[in-house]
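The values are calculated or read from the model by the stated rules, or taken from the named source; none is laboratory data. If you're wondering where the values come from, they're calculated on a predicted model, not measured in any experiment. Glycine also receives a Cβ, built like all others from the backbone with ideal geometry; neighbour counts cover every protein chain displayed.
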Amino acid sequence: MDIVSRKELLRGALLAVLVICAGRAGAQGAAPETAPPLFPGGALVSYNSVFSTRGMFAASTGNIPATARPTFSHEGLFHFTWGFHRDLDLTVLVPVVTNRFDVNASAFRSSLGGTGLGDVTLVVKYRFYRRDSERGTTQASVTFGPKIPTGSTNLRGANGLLLPAGLEPGSGSTDLFLAANWTYTGLFNIRRLVADEDFHAALRSQGTEKTRLGSEIASRFWLSYRPYESKNVAREWFIGPALTWVHMQDDRISGLTQNGSGGDVLLAGVANYLGLRPGLHVWVGADWDVAHSTGPTFMPIRRHISFGITQQFRLHF
């Protein structure tokens, strides 16, 4: 395989998959550059493991608020992406979700939750702008598609009652995902320095238990540098800091707004990507809460840890 082909394979793998769900905005995804689509005829499969924690809920009784979110969650995210056009690709995301909710009451501590299939997301990415120069490449794209209510919504507590909608692996709602992405390579005329912006939103409808979880808007800026690149581009290393802002609207239950259940959080972190060979790379990233708003039942994310592996291959029809 010649140098150009090797470079095309590796770069295609690194540029393929958008970080899909706004609720996971603090977690690093499979691609260091989110604007470019996968090259035509290419495909990839990817697994991403995301661990999220929130502060333990303090209460005078063991009652769970109707707007509760998991104090700990793990999502095993299975991606498939197919590049069917120079400027278009299709991504399917299937999550397996484990949620746990811990209560720290005055007289006792308790924990409940479970594991189930999450909601499947199907999106199309369209790159509408690309400009090449001696400095590098500037690209911009939009992504859109539905989140389908395939997830489990039947987890129950010790009393036999269904857990609140925010603690279920699935939502029971059909939601709309929208995103705008921008990638600028050669920042400050440094060839290996890349600025990447991912702005996305999850617009939610009413789902299980007559609950409409708060819609979310997120913006993630990632600045990456490649301190190492082999001559044949078979191996590369990306590293850099990231800054994420997430806004969550208040939940609505039976048509009533749950004031104070939404809020804002600012996360700061770092991510590493390592190309092991053409078409195969691994990554690890972490983000921490540096500032957040307060509300009666708002539970901001305190920490995200994400790692994964991606394998690319050619797919022709």
Scope the stretch 121-160; condition basic (Lys, Arg) and either surrounded by fewer than 19 Cβ atoms within 10 Å (Cβ to Cβ) or farther than 21 Å from Asp89 by Cα (or both); matching residues: Arg130, Arg131, Arg135, Arg156
The stretch 200-222, residues that are surrounded by 16 or more Cβ atoms within 10 Å (Cβ to Cβ) and either within 22 Å of Thr183 (Cβ to Cβ) or aliphatic (A, V, I, L, M) (or both): His200, Ala201, Ala202, Leu213, Ile217, Ala218, Ser219, Arg220, Trp222
Within the stretch 106-155, track down each residue that is at pLDDT 95 or above and among the hydrophobic types (A, V, I, L, M, F, W, C). Leu117, Val120, Leu122, Val123, Val124, Phe128, Ala140, Val142, Phe144, Ile148
Quickly run through the stretch 178-194 and pick out the residues that are surrounded by fewer than 22 Cβ atoms within 10 Å (Cβ to Cβ) and under 18 Å from the mean Cα position of the chain (by Cα). Leu178, Ala180, Trp182
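Among residues belonging to the stretch 122-144 that are small (Gly, Ala, Ser) and assigned to a loop (DSSP other than H, G, I, E, B), point out the one that is nearest to Tyr184 (Cα to Cα). First the steps, then the outcome.
Going through the stretch 122-144, the residues small (Gly, Ala, Ser) turn out to be 133, 136, 140-141.
This time we only want the ones that are assigned to a loop (DSSP other than H, G, I, E, B), so: 133, 136.
Numbers: Ser133: 11, Gly136: 8 Å.
Checking each candidate, the answer is Gly136.
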Per-region count, the stretch 241-265, residues surrounded by fewer than 21 Cβ atoms within 10 Å (Cβ to Cβ) and under 16 Å from Leu223 (Cβ atoms): 3
Pairs with Cβ under 7 Å, 6+ apart, first in the stretch 73-92 and in contact (Cβ under 8 Å) with a residue 60 or more places away in the chain and farther than 30 Å from Arg302 by Cβ, second among the charged types (D, E, K, R) and in a strand (DSSP E or B): Thr81/Asp89; Trp82/Asp89; Gly83/Asp89; Asp89/Lys125
Single unsatisfied condition, Glu229 versus (1) closer than 28 Å to Leu38 by Cα; (2) of a type in the set (Asp, Glu); (3) in contact with a Lys or Arg (Cβ under 6 Å, 6 or more places away or on another chain): (3)
Among the residues that make up the stretch 275-287, is at least one of them assigned to a loop (DSSP other than H, G, I, E, B) and without any contact (Cβ under 8 Å) to a residue 40 or more places away in the chain? no
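Report yes if some residue within the stretch 232-253 is part of a loop (DSSP other than H, G, I, E, B) and hydroxyl-bearing (Ser, Thr, Tyr); otherwise report no.
Narrowing the stretch 232-253 to residues part of a loop (DSSP other than H, G, I, E, B): 232-235, 249-251.
Retained after the next criterion (residues that are hydroxyl-bearing (Ser, Thr, Tyr)): none.
Within the stretch 232-253 (the criterion being part of a loop (DSSP other than H, G, I, E, B) and hydroxyl-bearing (Ser, Thr, Tyr)), the answer is no, since none of the residues qualifies.
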Selection count where residues are of a type in the set (A, V, I, L, M), touching a residue at least 40 places away in the same chain (Cβ under 8 Å) and assigned to a strand (DSSP E or B), scope the stretch 163-202: 5
Filter pass, Thr98 being surrounded by fewer than 20 Cβ atoms within 10 Å (Cβ to Cβ), of a type in the set (Ser, Thr, Tyr) and at pLDDT 95 or above: yes
